[in-house]
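So the structure is just underneath, and the comments pick up after that.
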Amino acid sequence: MRAVVQRVAQASVSVAGATVASIDRGLLVLLGVTHSDALEQAHALADKIAHLRVFPDAEGKMNRDLQAVAGSALVVSQFTLYGDCQKGRRPSYIQAARPEQAEPLYEAFVHALLRFGLPVQKGVFGAPMQVQLVNDGPVTLILDTASG
């Protein structure tokens with residue numbers, strides 16, 4: 001699994017002009033799934049993200065996680081995170097898992113975050129979405145279960 005995680009002051013997702021999810025302070029997680037992913041990766045990545053210390057403490061040091069700041073997560077499926085742009089000018093998405101594999105793992109990731117007691121919102125899997133955000137920092141991280 002691959003995730004682009006952004007610390008946000010606010011973020012929202014719209015489908016067909018209607019807002020389907022929104023959060024204030026928290027993390028926007030763009031989540032991609034590849035063929036070799038399984039429940040183990042979904043749970044491990046959720047644990048990592050739930051406990052990422054990317055929010056400032058009283059001294060301004062990034063030392064607090066989502067629970068410590070009463071933050072929320074907004075999770076958006078994004079198969080394009082597995083786009084390969086090394087050859088040609090059009091990305092190849094053969095490394096992205098097919099929807100029938102990716103959607104259950106996306107849902108497992110969301111449920112794993114919920115088990116940590118975090119407020120979680122999500123986009124609509126497979127739908128064309130518009131994502132709006134105010135990146136706080138900016139803080140943006142890339143996490144990949146394949147690289148440890």
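Quick notes on this one:
- Residue within the stretch 84-105 that is closer than 27 Å to GLY137 by Cα, in contact (Cβ under 8 Å) with a residue 60 or more places away in the chain and not in a helix (DSSP H, G or I) present: no
- Count of the stretch 32-42 residues which are assigned to a helix (DSSP H, G or I) and of a type in the set (Gly, Ala, Ser): 1
- Restricting the stretch 69-83 to residues that are outside any helix (DSSP H, G or I) and without any contact (Cβ under 8 Å) to a residue 60 or more places away in the chain leaves a set whose member that is nearest to VAL13 (Cα to Cα) is VAL75.
- Subset of the stretch 53-101 [within 20 Å of HIS35 (Cβ to Cβ) and among the small types (Gly, Ala, Ser)]: SER77, GLY83, SER92, ALA96, ALA97
- Considered as a group, the residues in the stretch 43-68 that are among the aliphatic types (A, V, I, L, M) and in a helix (DSSP H, G or I) include one that is farthest from GLN132 (Cα to Cα), and that residue is ALA44.
- VAL124 being assigned to a strand (DSSP E or B), within 21 Å of LEU39 (Cα to Cα) and not polar (S, T, N, Q): no
- Checklist (1) in contact (Cβ under 8 Å) with a residue 40 or more places away in the chain; (2) hydrophobic (A, V, I, L, M, F, W, C); (3) under 21 Å from PHE125 (Cα atoms) applied to MET62, failing item: (3)
- Looking only at the stretch 40-82, residues that are more than 16 Å from the chain's Cα centre (by Cα) and of a type outside the set (Phe, Trp, Tyr) come to 14 in all.
Every number in this text was worked out from the coordinates using simple rules, so none of it is lab data. Since the structure is predicted, the reported quantities are computational estimates derived from the model, not experimental observations. Counting neighbours? That spans all protein chains shown, and the Cβs are built from the backbone with ideal geometry, glycine included.
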